[in-house]
1. Looking only at residues in segment 138-149 that are surrounded by fewer than 21 Cβ atoms within 10 Å (Cβ to Cβ) and in contact (Cβ under 8 Å) with a residue 12 or more places away in the chain, which one is nearest to Glu84 (Cα to Cα)?
2. What are the pairs with Cβ atoms under 6 angstrom where one residue, in segment 344-369, is surrounded by 14 or more Cβ atoms within 10 Å (Cβ to Cβ) and the other, located anywhere, is part of a helix (DSSP H, G or I) and not aliphatic (A, V, I, L, M)? Sequence gap at least six, or different chains.
3. Suppose we filter Arg677, Arg660 for residues that are in the same structural domain as Pro627 (by TED's automatic domain parsing), of a type in the set (Lys, Arg) and surrounded by 13 or more Cβ atoms within 10 Å (Cβ to Cβ); which single one remains?
4. Taking Arg497, is it buried (at least 16 other Cβ atoms within 10 Å of the Cβ) and either farther than 14 Å from Asn436 by Cβ or β-branched (Val, Ile, Thr) (or both)?
5. Looking at the structure I just gave you, is Trp523 assigned to a helix (DSSP H, G or I), within 31 Å of the chain's Cα centre (by Cα), farther than 30 Å from Ala633 by Cβ and not assigned by TED's automatic domain parsing to the domain that holds Ala633?
6. Which of the residues belonging to segment 500-519 are among the aliphatic types (A, V, I, L, M) and buried (at least 16 other Cβ atoms within 10 Å of the Cβ)?
7. Give me the pairs: first residue in segment 529-542 and within 14 Å of Tyr503 (Cβ to Cβ), second residue at pLDDT below 80, beta-carbon distance under 6 Å, and six or more apart or on different chains, which are they?
8. Within 23 Å of the chain's Cα centre (by Cα), part of a loop (DSSP other than H, G, I, E, B) and modelled with pLDDT of 85 or more: which single residue out of Gly399, Gly406 fits that description?
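The values are calculated or read from the model by the stated rules, or taken from the named source; none is laboratory data. Values in this document were obtained by computation on a predicted structure and should not be read as measured data. A quick note on method: Cβ atoms are made from the backbone with ideal geometry, for glycine too, and the neighbour counts reach across all protein chains shown.
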Amino acid sequence: MDRACTSEAEAERLRALDRYRLLDTPRERDFDEIAEAAAELCEAPIAVINLIGEGRQFFKAEVGLGVRETPLDTSFCRQAILQEDFLYVPDATRDPRFKGNPLVTGEPGLRFYAGALLKTDEGQPIGTVCVLDTKPHAITERQRKGLMRLARQTMVQMELRRSLREQAEQRLLHERILDSATDYAIIATDPQGRITRWNAGAERILCWAETEMLGRTVEAFFTPEDRAAGWPGTEARLSLENGSAPDERWHVRKDGTRFWASGETTPLRSEDGDLLGFLKILRDRTGQREAGAALKASELRYRSLVEVSPQVVWFGDAAGNVTYCNAYWYDYTGLPPGETGEASWMGAIHPDYREATRAAWLAASESGRPYEVEFPLRRADGQYRWFLSRAKPVRDEAGTLTSWIGTTLDIHERKVAEERFAALTELAPAIIWFGNPDGSLSYLNDRWYAYTGQTPEQALPLGWGEVIHPDDLPGLLGVWEHARTHEVVYDTEARLRRHDGAYRWFLIRAEPLRDASGAVVGWLGSNSDIHDRRQAEERQRLLTGELQHRVKNTLAMVQAIASQTFRNAADLDAAREAFTERLISLGRAHDILTRSSWTEAPIAEVVEGALAVHRGAAAARIRTSGPNVLLSAKAALALALALHELATNAAKYGALSSERGMVDLRWHVVHEDDAPRFCLTWSEQGGPPILALPTRRGFGSRLIERSFAAEVGGEVKLTYAPTGLTCRLEAPLASLQEPRDEAVA
């Protein structure tokens, strides 16, 4: 601790010495005379003005020594600076402090030393004024005091040189500052206004050289009208009265052109308060003035645009208080013009959104961050419409928030559309995801987790690949890598494993997301379930082959209908009409099947198609009822032909041939022994009574049996009761429907 304190004290002493900058400087007459006076005063052969540096002592002046520097370790002055003011050694051989000192025991054999300390005003010892002799010596009190006075004179000389040097450095610094301030014209004058200093900035701004202006008055760069009004003298007077005289006015350059300047005149005084002159500083503000005028014009145009803006425009102060709203606000809300208080604009917001809106605005105004919020705003007629309100902070050049500018835009139609879209999105089956540039995923929506059964720990960032069908994964990854490498749309199809283990086909697409520079920063993707489409495509492929078979069967059926219709036909026209009607019925059944891609047809449509030609005015006389049953193509054609024949016979001979006749057509499914059966009953009432059974089976009966019993393995039972015909068709339900297969290869 003692060594540290000593070291710090020595460093402080050396810094004090360095401020005088006298080490290693040439001899000077003033210091030499002080050394000579010390030698004469003490009648000693050696006298020195000694400065003690780091590890050495430098002699600014010396008498009788012949050297300018000696080491410090054997120096007498080393002991002197440890004293308060003075060190006196009459005989060094008898002083224990110098026992063994080579300067005493060897050459030059010093015996006597007397030295007065050189001390700064802060008390730092930096050297001595001392005398020495090679023989013992005694000094008087007068001599001691004389050495002390010489030491003080030495410090006066050192302080004088330091002060002069620092003043010269300060003047040089001021000159350089003045000459470097080229944006400012800095002009000094005497008390009468004659120019004594003209900096480089004045030369640049006013175009006169300093040599041209020294001795002239400042009136030279004032305008004729300001000179006539006495403004140069007025500025000087005001600066004396107030300490300064700021002004903004036009001034003239050497070539007579004018410029707008801001400036200030201040008096220059001595330390005693005497007036030395004036300092005038000017800065060319022509550009700023023109910009200000342009800004005012721009603000006027802007305010005009704001007033006719088709949206609300408003301003706020730095504290967040609304200070202005354009005419649109008052026209929309019906509030009194000029009313900008918080209570007024808060009252126009829907009650359910007031607190949230106010909290958002307070948070923005306190943090200085942009503000954005949506809320319903009450119209003058009491109706509410959705608005988007945004505001940005306005800052000055220093970055300090000075005000706010905001807009409130009617987004009602967009909001309604968004709500509708959101509702649709909730129902949409699509999986939405976001991808990173490296191929990993950062987000998957809930539909992914609901479908796959994965958790976000499991799916992100790369676990999603585990649900891709192993056969599809290599191709999917290849397309994904190509899309990311070439920054193109990603488009592929693959099977995804459902949470129950089943696989379904998905269309997987993604668009690259780019930043302002065009670089890809991510991907927005969607997975759409196309399993049914793939099944439909597969069914279409099978249907093409099936249709070939169907066409052959249909042609065979048409051939059979034609053969049976025209064989043994007694009336060719009647046979032709019957044949045509049978083909029409067959065609309607084909139409129904075509609409369903020849897969399944609702029984109600098949019934309606078969009976349509016979309904006409008797629509209410044919009553149908039964559950919705889907029929295969084969069953639909068979049933259509059977019902056509039954309706045709009823129209000719049965219930539909009489105005009071009725047909009751009912079907149902009977569930027995895990093998459901389909039953359809055709019942006629109110027609001509059946007095006897038919003597022969006509083509219609045979067609019913062939089209239904043979095609679907069903049973047909015809009952000829006196009240009317009853036909019962029955078959296993499975034989009337397409086999179901959920898997698609």
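1. For segment 138-149, the residue satisfying everything is Met148.
2. Met346/Arg354; Ala348/Thr333; Ile349/Thr357
3. Of Arg677, Arg660, the one residue that is in the same structural domain as Pro627 (by TED's automatic domain parsing), of a type in the set (Lys, Arg) and surrounded by 13 or more Cβ atoms within 10 Å (Cβ to Cβ) is Arg677.
4. Working: buried (at least 16 other Cβ atoms within 10 Å of the Cβ): yes; either farther than 14 Å from Asn436 by Cβ or β-branched (Val, Ile, Thr) (or both): yes.
Yes; evaluated as a whole, the condition is true for this residue.
5. So Trp523 does not fit the description; no.
6. Passing the criteria: Leu507, Ile508, Ala510.
7. So the pair list comes out as Asp529/Pro429; Arg534/Val744; Gln535/Val744.
8. Exactly one of Gly399, Gly406 is within 23 Å of the chain's Cα centre (by Cα), part of a loop (DSSP other than H, G, I, E, B) and modelled with pLDDT of 85 or more, namely Gly399.
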